[in-house]
Structure formats: C-alpha cells, structure tokens
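Report on the structure given below.
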Amino acid sequence: MAITQSIVDAVMEKIPDRKVVGVRLEIGLAAGVVADSVRFCFDLITEDTNLAGAELSIDEPPGQELRIKSVKVEVN
Amino acid sequence: MCATCGCGSTSDHGHGHGHETVTLEQRVLAKNDHLAGHNRQWLAERDLLAINLMSSPGSGKTTLLERTARVVPVHVIEGDQETLFDAERIQATGRPAVQINTGAGCHLDASMVAEALRRLDPPVGAVVLIENVGNLVCPALFDLGEHARVVITSVTEGADKPLKYPHMFRTADVVVLNKIDLLPYVDFDLGRFGEAVSLVNPTAVVLRTSATRGDGVDGWLEWLRAARRDVVSPVH
C-alpha cells in the first residue's frame with residue numbers, strides 16, 4: 001500500500017491535470033515489493049483521481065529497482 | 001501511414017488515438033530518498049547520531065528505549081498509527097520525545113522524520129533514537145536519513161522470522177533478540193535463529209536482551225556508545 005501510494009503520488013506530481021490511461025512500472029524481483037499487491041492497491045488508491053482506470057504494466061526483471069518507467073496520457 | 005493503427009503519423013506514437021507516452025524513468029522512492037538525504041545533512045550539521053529501530057508490534061522496542069533513556073541522554077522520535085502512549089513512556093523517564101501519528105500509515109518516512117526532528121530540536125552531539133511503526137515489512141523500504149538500523153525480534157516470535165522477512169533483516173546493522181528471559185517457556189531454537197540471521201545478513205551484530213529484566217542491555221548500550229563515538233561530524 002505504501003509503495004503504491006508513493007507511485008500514485010509521484011505520477012500525480014508529474015502529471016497533475018491530464019488523464020492518465022497507463023502506467024508502466026519496473027519492480028525488480030529483489031525489490032521487496034509484490035507486483036500483485038501493487039495492482040490491488042493501485043485501483044483503490046486511484047479512484048477519484050486523474051489516474052482512475054489507468055492500466056498498470058509491470059516489468060519484473062532481476063534486481064532491486066523500483067521505478068516508474070513511463071506514463072500514457074490522453075492528449076486533448 | 002502507420003501500419004498498426006492506420007493513421008497518417010509517421011513518428012513514434014501511441015496507437016490508441018489521442019494518447020501520448022511520457023517517459024518518467026523515476027525511482028518510486030526518489031522523493032523519499034531525496035528528503036532522507038536532507039535529513040542526513042541536517043543531522044551531520046548538528047553532529048547528531050540517528051538510529052532507526054524497527055520490529056513487529058510488541059517485540060519490546062519501547063521497553064528497550066525506556067531502559068536506554070534512563071542511562072543515556074537520548075532524544076526520541078516515536079512512530080505509531082495512533083496514541084501518544086510511547087512518547088509518554090519515554091517522557092516519563094525524563095527524556096524528550098515527540099510522537100508521530102501516521103493514521104492509516106504503516107511506516108515512518110523521511111518527511112515525517114524531518115518534521116519531528118525540527119520539533120525535537122536536539123542539541124549538538126546528541127543521540128536520536130527513532131522508534132518506527134511496529135511492522136516487519138514496509139519500514140524497511142523507507143530511508144529516514146538514519147546512520148544505522150536496529151531490528152528487534154523476540155523469542156515469542158519464532159526463530160524463522162529472519163528468513164520470512166529477509167528484506168527487513170537484511171537491512172539491519174544490529175539484530176536484537178529480546179525477551180530472552182522467556183526462553184524456558186517457549187520453543188525457540190537459538191541455533192536456528194543464528195543460522196537464519198547469518199543467511200540473510202552475515203555482517204549484522206546480533207545481541208540478546210531482556211529489556212524487562214535487564215539481561216544483555218549492557219551489550220546494547222555498549223553498541224550505542226560505540227556508534228556515537230564512530231559517527232564523526234564533518235564539522236569536527
């Protein structure tokens with residue numbers, strides 16, 4: 001939950017006013033974070049935000065990296 | 001014409017029309033780590049030693065801190081979801097303590113600690129002990145700007161916990177096994193515990209204490225005093 005909140009906060013800080021339709025994450029296998037937990041928490045946390053309904057893509061390479069790779073936004 | 005979506009664009013574009021991919025390449029914990037760096041600097045400027053104490057709820061962190069506070073002039077930051085209980089316990093020893101309440105939050109982070117440090121306002125050269133929220137999972141991920149991490153577990157929790165919570169135990173500079181006065185009454189395999197710690201963290205210092213009875217607390221205080229000596233501020 002804590003990590004997912006950090007992810008959502010970071011995206012909202014970078015993209016405060018456009019609709020976010022996708023978020024690509026890298027969660028290293030040794031990062032200490034469970035991708036499925038992030039998916040579960042993500043939907044809860046993003047309700048009523050500009051990220052609501054966004055699709056989460058998660059790469060899980062070896063290592064400890066915990067990174068937001070990119071964000072897909074709607075172009076007006 | 002784009003062969004994927006049939007539009008007229010020849011440049012790289014998202015194929016759901018009206019979508020644009022913005023590259024971030026940002027570490028999720030970048031903001032926290034940045035603030036932790038600020039905390040580290042704030043502490044160094046004042047020649048302060050900061051220790052992050054983590055454990056499950058009920059392992060004995062606060063009791064160990066009460067014992068410590070009676071003999072070492074520590075300054076304490078307490079973290080709990082709710083209540084002022086722990087800060088009050090430390091204050092009852094005569095030492096300053098500030099309480100952070102995280103509400104629904106499961107761990108302390110660098111921004112909470114930054115604010116608490118300002119409230120605490122410890123004098124130059126002091127020892128700051130930060131008691132994290134009781135939790136063997138999330139606190140491990142959040143750098144607070146501390147010099148060292150102490151992970152406390154107790155004989156009532158089982159000898160396998162270092163293996164079950166490797167991220168937490170791997171991050172420890174010191175592992176304290178508390179409540180050793182209860183060893184006669186529980187099934188706790190000391191050998192297995194030692195092996196488990198070695199497996200996940202071969203360099204951790206392992207101490208055994210009974211914070212309620214006092215056994216082994218001298219060893220903990222010895223470690224703390226050595227840590228205070230070893231942290232040399234760039235000012236000096």
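Brief remarks on what is shown
- Estimated from helical segments only, the mean residue ellipticity of chain B at 222 nm is -10000 deg cm²/dmol, where each DSSP H run of four or more residues counts as -39500 (n - 2.57).
- Residues whose placed amide H lies under 5 Å from that of B:Leu48, excluding near-sequence neighbours: B:Gly125
- Percentage relative contact order, chain B, counting C-alpha pairs under 8 Å, at least six apart: 22 percent
- Accessible area (Å², 1.4 Å probe, nearest 10) - B:Val71: 80 Å²
- Accessible surface, per residue, of the protein assembly as shown when the full set of protein chains is kept, probe 1.4 Å, Å²: 48 Å²
- Calculated mean residue ellipticity, 222 nm, chain A: -10500 deg cm²/dmol, from DSSP H runs (n ≥ 4) at -39500 (n - 2.57) each, averaged per residue and rounded to 500.
- Across B:Gly18, B:Gly216, B:Gly134, mean-square fluctuation computed from a Gaussian network of chain B (C-alpha pairs under 10 Å connected) peaks at B:Gly18.
- Remark: spin-label model distance B:Asp160-B:Arg213 equals 2.7 nm, labels positioned 7 Å along the Cα→Cβ axis.
- The range A:17-76 - Rg over Rh from alpha carbon coordinates, Kirkwood radius: 1.01
- For chain A, the longest principal axis of the alpha carbon atoms and the long axis of helix A:2-14 meet at an angle near 40°.
- Three principal axis extents describe the C-alpha atoms of the protein assembly as shown; from largest down they are 77, 44, 36 Å.
- Angle in degrees between helix A:35-46 and the longest Cα principal axis of chain A, rounded to the nearest 10: 20 degrees
- When the other protein chains are added to the chain by itself, burial of at least 10 square angstrom of heavy-atom accessible area (probe 1.4 Å, ligands and nucleic acids ignored) affects these residues of the range A:8-35: A:Ala10, A:Glu13, A:Lys14, A:Ile15, A:Arg18, A:Val21, A:Ala30, A:Ala31, A:Gly32.
- For the pair B and A, total buried accessible area rounded to nearest 100 Å², probe 1.4 Å: 2000 Å²
- Listing of the range B:131-159 residues, each with accessible area lower by at least 50 Å² in the full protein assembly than in the chain alone (probe 1.4 Å): B:Leu141
- In this simple spin-label model, placing a label point 7 Å from the Cα along the Cα-to-Cβ direction at both B:Thr21 and B:Asp181 gives a separation of 6.2 nm.
- Whole-Hz couplings from phi, Karplus 6.51/-1.76/1.60, listed for the range B:126-143; x for Gly and Pro: 7, 10, 10, 10, 10, 8, 6, 4, x, 4, 8, 10, 4, x, 4, 7, 10, 5
- Computed extension length for B:Asp189-B:Ala226: 10.4 nm, one decimal, from 0.36 nm per residue of separation with the Cα-Cα distance subtracted.
- Amide H contacts of B:Gly134: none lie under 5 Å away among residues 5 or more positions distant or on a separate chain (H built 1.01 Å from N in the peptide plane; Pro and chain starts excluded).
- Here the accessible area is traced with a 1.4 Å probe on the protein chains. For the protein assembly as shown, carbon and sulfur cover 51 percent of it.
- Among A:Val21, B:Val28, the order of accessible area from largest down is A:Val21, B:Val28, computed with a 1.4 Å probe on protein heavy atoms.
The values are calculated or read from the model by the stated rules, or taken from the named source; none is laboratory data. As the structure is a computational prediction, the values presented were derived from the model and not from experiment. Note that each Cβ is placed from the backbone with ideal geometry, even for glycine, and that neighbours are counted across all protein chains shown. The accessibility values were calculated without ligands, DNA or RNA, using every heavy atom of the protein model including side chains. Shrake-Rupley method; radii C 1.70, N 1.55, O 1.52, S 1.80 Å.
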